[in-house]
Amino acid sequence: DGTAIKFSVDGETLGFDTELGQTYEVTGFASVEKPKKVKGLYISDRGFETLKLKWDDLDGAAMYKIYKADNSEKNYTFVGSTEVNSYVCKISANAERTTYAVTSADLTGAESERSLVYFNR
């Protein structure tokens with residue numbers, strides 16, 4: 001019908017104006033908490049080409065995501081995901097130091113802050 005709608009979000013209120021100048025507000029959105037940060041992250045076993053990361057299990061975590069950064073890289077590479085509180089990673093052949101990061105994630109895909117552990121060759 002040619003009506004233009006302009007949206008604005010302020011805290012927990014969604015408002016929009018129509019072309020006719022009418023204003024509507026929608027309130028009562030559920031607040032969503034960020035998933036909890038993984039605790040107790042450590043390297044439990046080390047083989048020649050692999051190592052095992054372990055951490056404390058978190059209630060409410062749908063999955064855990066694992067990342068790594070070799071040497072002094074600032075950008076993390078996604079390694080994999082798991083629904084349990086451990087993960088076996090391949091050791092980088094050419095890296096003197098690798099930083100492993102684990103996050104917890106909920107069913108929407110939202111992730112917690114990264115927990116870090118360092119591996120020196």
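The values are calculated or read from the model by the stated rules, or taken from the named source; none is laboratory data. Predicted model, so just to flag it, every value in this text is computed and none were measured. We place every Cβ from the backbone using ideal geometry, glycine too, and count neighbours over all the protein chains shown.
Things to note:
- Restricting attention to region 90-116, the residues that are in a strand (DSSP E or B), surrounded by fewer than 18 Cβ atoms within 10 Å (Cβ to Cβ) and of a type outside the set (D, E, K, R) total 2.
- Some residue of region 56-64 being aromatic (F, W, Y), more than 22 Å from E33 (Cβ to Cβ) and at pLDDT 90 or above: no
- Among the candidates K39, K65, the residue that is buried (at least 18 other Cβ atoms within 10 Å of the Cβ), touching an Asp or Glu at 6+ places or on another chain (Cβ under 8 Å) and among the basic types (K, R) is uniquely K65.
- Across region 77-89, the qualifying residues are those that are in a loop (DSSP other than H, G, I, E, B) and either surrounded by fewer than 14 Cβ atoms within 10 Å (Cβ to Cβ) or at pLDDT below 95 (or both), and the one among them that is nearest to the chain's Cα centre (by Cα) is E83.
- Selected residue (only one of T98, T103, T108 is closer than 14 Å to L41 by Cβ and modelled with pLDDT under 95): T98
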